[in-house]
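Just so it is clear, none of the values below were taken in a lab; they were calculated from the coordinates. Predicted model only: the values in this text are computed from it and were never measured. Cβ placement follows ideal geometry from the backbone for every residue including glycine, while neighbour counts extend to all protein chains displayed.
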Amino acid sequence: MDTKKLAIIATKGTLDWAYPPYILASTAAALGYEVQVFFTFYGLQLVRKDLSGLRVSPLGNPGMPMKMPFGPKWFRGINWNIPNAVQSIVPGYEMLATTLMKQTIKNTGVASIGELRDLCLEAEVKFIACQMTVELFGFEHSDFIDDMEFAGAAMFFDFAGESDICLYI
Amino acid sequence: MDTKKLAIIATKGTLDWAYPPYILASTAAALGYEVQVFFTFYGLQLVRKDLSGLRVSPLGNPGMPMKMPFGPKWFRGINWNIPNAVQSIVPGYEMLATTLMKQTIKNTGVASIGELRDLCLEAEVKFIACQMTVELFGFEHSDFIDDMEFAGAAMFFDFAGESDICLYI
Amino acid sequence: MDTKKLAIIATKGTLDWAYPPYILASTAAALGYEVQVFFTFYGLQLVRKDLSGLRVSPLGNPGMPMKMPFGPKWFRGINWNIPNAVQSIVPGYEMLATTLMKQTIKNTGVASIGELRDLCLEAEVKFIACQMTVELFGFEHSDFIDDMEFAGAAMFFDFAGESDICLYI
């Protein structure tokens, strides 16, 4: 039987949306899929050497539950409904949300983005960075991890056109 | 001929982005497709028993046309261009946008999210909640509707890998 | 060998997210794919006659690098980390971000949205607007470019169900 193929276009560059491409890629690789991820637009943030700048914003996303990752269960169960007014005026609010999320991820035993990315590389997931958006955003090749290719969308279609699953994330 | 298959990964949890997975799933089911939806991240909001918390935010989405759902045609035709400054400072602005959208949906005869969800269940669309994000966000199984399975991404690939269409929403 | 098929559902209506559907559609068409794009929700903004209203918002998107498109290289290399507080209170901030992005796109030689859209039409990419969301948002058929069909999701599945790649953008 032919090897199944998963193609992913990763376009988002925030801490929360960093998870789906790496979770799906590493899961598929573990199931025996051949996987390629094409990083473009804000998705380029996910393959930078330094991931410490990844942040999450609850602004404009009323679907995000804001919960405290510490304290007794009843306290953690509260869904903090903080208005945009407060979110956008209090300096560092985005940083607070990022810290809360990182703490929650740690408490529930979910791997960090760096760990998931390493898992993908170990499982031979192929990473491609979109050369056009690298130039558009003014990045240098040296900003990115070593295990990457730089190419255009046309090259990605070679693989995507033969894939069993192709996701735009 | 084999039955066509549609696999959906639903990741967004706002009132506007609640529509695409349910409209696509119910339409495909009506056309004879076998359909599975994997709810993960903020998408978990869409399968909660209580949908009243679904809201829409125009903040950070300059593509959203804000129109009044009442009054004469010329008045409803105006595209209200309300600056972020006002949106984020006036308390309850997100609630106003949500009310306007619900009223518009009602006026144009579009079904509510609850109705579309019921349509999907009647058409035997299979709903799966991502167990990892259920734990990450601190939800309980009892927060969700009864007709659900709880599983991981690996289980979803069984179906997605055989699907004709697989969408990440 | 059969012609490859690419189906796209375009749902976003901002200046940055206008690029992916048009770049992917035009690239695939150049590679010999048959391509259909279904414009729905905010994606309808991308097929309006007048594209001058397309804007970009850094609000709620901490993954967006804000760089100056002029001046010496060291100056352009700075990643301006402007807090949400300033972004949402200073009137016209979204307009500034839009201008910076348009200038950057021009400086790096990337085509404008109007040019990419024309490329798609010349390459016989088929454009379909979702009739339900056209009515929901109160648009008129005359708001859109001439080379369009108006139809529902069911019609789109005819093509998508036979496609090699189907992307929800």
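Of A:K12/B:K12; A:K4/C:K5; A:K102/A:K126; B:K4/B:K49; A:K4/C:K4; A:K5/C:K4, which pairs sit farther than 24 Å apart, going by alpha carbon to alpha carbon?
Among A:K12/B:K12; A:K4/C:K5; A:K102/A:K126; B:K4/B:K49; A:K4/C:K4; A:K5/C:K4, the Cα-Cα distance tops 24 Å for A:K102/A:K126; B:K4/B:K49.
Would you kindly derive the ³J(HN,Hα) couplings of the stretch A:115-120 from the backbone phi angles with the Karplus curve 6.51 cos²θ - 1.76 cosθ + 1.60 (θ = phi - 60°), listing them in order in whole Hz, with x for Gly and Pro?
Coupling constants for the stretch A:115-120: 5, 5, 5, 4, 4, 4 Hz.
Going 7 Å from Cα along the Cα-Cβ axis for the label, what nanometre distances separate A:D50 from the same residue across the other copies?
Ordered by increasing distance: 4.4, 4.4 nm.
Which far-off residues, 5 or more places away or on another chain, put their amide H under 5 Å from the one on C:R55, with H placed in the peptide plane?
Result for C:R55 returns C:L15.
From the phi angles alone, apply the Karplus equation (6.51, -1.76, 1.60; θ = phi - 60°) to the stretch B:5-16 and give each ³J(HN,Hα) in whole Hz, x where the residue is Gly or Pro.
Working through the residues one at a time gives 10, 10, 10, 10, 9, 9, 10, 9, x, 10, 4, 5 Hz.
List, shortest first and in nm to one decimal, how far the label point of A:E140 (7 Å from Cα along Cα→Cβ) is from its counterparts in the other copies.
Ordered by distance, the counterparts are at 5.4, 5.4 nm.
Please average, across the residues of A:151-157, the number of beta carbons from any other chain that are within 10 Å of each residue's own beta carbon, and give a whole number.
Partner-chain Cβ atoms within 10 Å, mean over residues of A:151-157: 4.
What are the nm distances, shortest first, from C:T108 to its equivalents in the other copies, labels at 7 Å along Cα→Cβ?
3.4, 3.4
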